[in-house]
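Step one of this worksheet: look at the structure below.
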Amino acid sequence: MEKCIKNLRKNWEEFAKKDPLWSILPFPEKKDNRWKIDDLYQTGYDEIDSVIKYMEGLQLNVKYHRALDFGCGVGRLTQALCKYFEECIGIDVSFGMLRIARDHNQYKEKCSYILNCSSDLTIFKNDVFDFIYSNIVFQHLPPELTLSYIKEFLRIIKKNGVIIFQITTDIIGFKNRVRRFVNFIIPAPIRFLYKKLRYKTWGIKDMYWIKENVLNDFIKANGGVIIDCVDDYSSMPRYKGKRYCITK
């Protein structure tokens, strides 16, 4: 899995150099560095406001002490979490993304950013977070890496703490399955060249998924309790997704 991490970091450092904000939230009209950081952060505030209302609707007794934003990128969601939590930590695999996040950190006394280039979260002790959030991150990680991190989430979350994450669970249509298969048998140098010519950057954001039944069994086998699981449409249109709310 360390090789997976190395490749991920290589790709996301490239995105951080070329078009960091668009790589986080790839709206077509914002490509070529057309995002303004304040506008990007506003999408984060809107999203976290919605997540808090969602948890209130489930009548969850969330403690607003310490939160983790997994795959934080430039801090789009981490900054928004600071509106609610006493301490917020964002972790990411890209130093370039974290540099941008730190430059725009408006909550320096309660918000910190950490580089993590490991397939685990041993930088944290057991039972230290009240809330863990991750969105549009796991879809870019190989399943074995995703499962490793979810297992770590269950280790570092406090008893009765809340974990919410989005994940892709299937691909829609035979043509899309063939397209993905072809994509993965093409040698990496050719894929890099194609990306460079079409998008002006060689970085690759591969898409992965984990079947819902596999994920459900894994969560339960590692001491997790599924509070809620709803359809999620954050991924590309040809993928099905779910948003999980779990605890232990």
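Structure summary
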{"item": "Matching residues in the stretch 51-72 - criterion: being more than 14 Å from Phe85 (Cβ to Cβ) and among the acidic types (Asp, Glu)", "result": "Glu56"}
{"item": "Matching residues in the stretch 215-239 - criterion: being over 15 Å from Ile163 (Cβ atoms), without any contact (Cβ under 8 Å) to a residue 60 or more places away in the chain and over 18 Å from the mean Cα position of the chain (by Cα)", "result": "Asp217, Ala221"}
{"item": "Lone unmet requirement of (1) of a type in the set (D, E, K, R); (2) within 18 Å of the chain's Cα centre (by Cα); (3) open to solvent by 60 Å² or more (accessible area, probe 1.4 Å) for Glu29", "result": "(2)"}
{"item": "Qualifying position, being in a helix (DSSP H, G or I), hydroxyl-bearing (Ser, Thr, Tyr) and open to solvent by 40 Å² or more (accessible area, probe 1.4 Å), among Ser50, Ser23", "result": "Ser50"}
{"item": "Test: residue in the stretch 1-14 that is farther than 16 Å from Asp92 by Cβ, modelled with pLDDT under 95, open to solvent by 60 Å² or more (accessible area, probe 1.4 Å) and touching a Cys at 6+ places or on another chain (Cβ under 9 Å)", "result": "yes"}
{"item": "Odd one out for Ile123 among (1) touching a Lys or Arg at 6+ places or on another chain (Cβ under 9 Å); (2) surrounded by fewer than 17 Cβ atoms within 10 Å (Cβ to Cβ); (3) assigned to a loop (DSSP other than H, G, I, E, B)", "result": "(1)"}
{"item": "Residue tally, condition closer than 18 Å to Phe165 by Cα and either in a loop (DSSP other than H, G, I, E, B) or polar (S, T, N, Q) (or both), over the stretch 87-97", "result": "1"}
{"item": "Residue list for the stretch 221-248, filter: charged (D, E, K, R) and within 18 Å of Asn126 (Cα to Cα)", "result": "Lys248"}
{"item": "Identity of the residue in the stretch 150-168, surrounded by 22 or more Cβ atoms within 10 Å (Cβ to Cβ) and in contact with a helix residue (DSSP H, G or I) (Cβ under 9 Å, 6 or more places away or on another chain), that ends up nearest to Asn116 (Cα to Cα)", "result": "Ile150"}
{"item": "Exclusive hit being out of contact with any Leu (no Cβ under 7 Å at 6 or more places or on another chain), assigned to a loop (DSSP other than H, G, I, E, B), over 19 Å from Ile163 (Cβ atoms) and open to solvent by 40 Å² or more (accessible area, probe 1.4 Å), set Tyr64, Tyr107, Tyr45, Tyr84", "result": "Tyr107"}
{"item": "Qualifying residue in the stretch 61-78 (condition: at pLDDT below 95 and either acidic (Asp, Glu) or more than 25 Å from Phe15 (Cα to Cα) (or both))", "result": "yes"}
{"item": "Options Arg238, Arg191, Arg179; residue that is modelled with pLDDT under 90, out of contact with any Gly (no Cβ under 6 Å at 6 or more places or on another chain), surrounded by fewer than 14 Cβ atoms within 10 Å (Cβ to Cβ) and under 23 Å from Pro28 (Cα atoms)", "result": "Arg179"}
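The values are calculated or read from the model by the stated rules, or taken from the named source; none is laboratory data. In this text the structure is predicted, and so the values were computed from the model without any measurement. FYI the Cβ positions are ideal-geometry reconstructions off the backbone, even for glycines, and counts take in every protein chain you see. The area values use the complete protein model at the heavy-atom level, side chains included, leaving out ligands, DNA and RNA. Shrake-Rupley method; radii C 1.70, N 1.55, O 1.52, S 1.80 Å.
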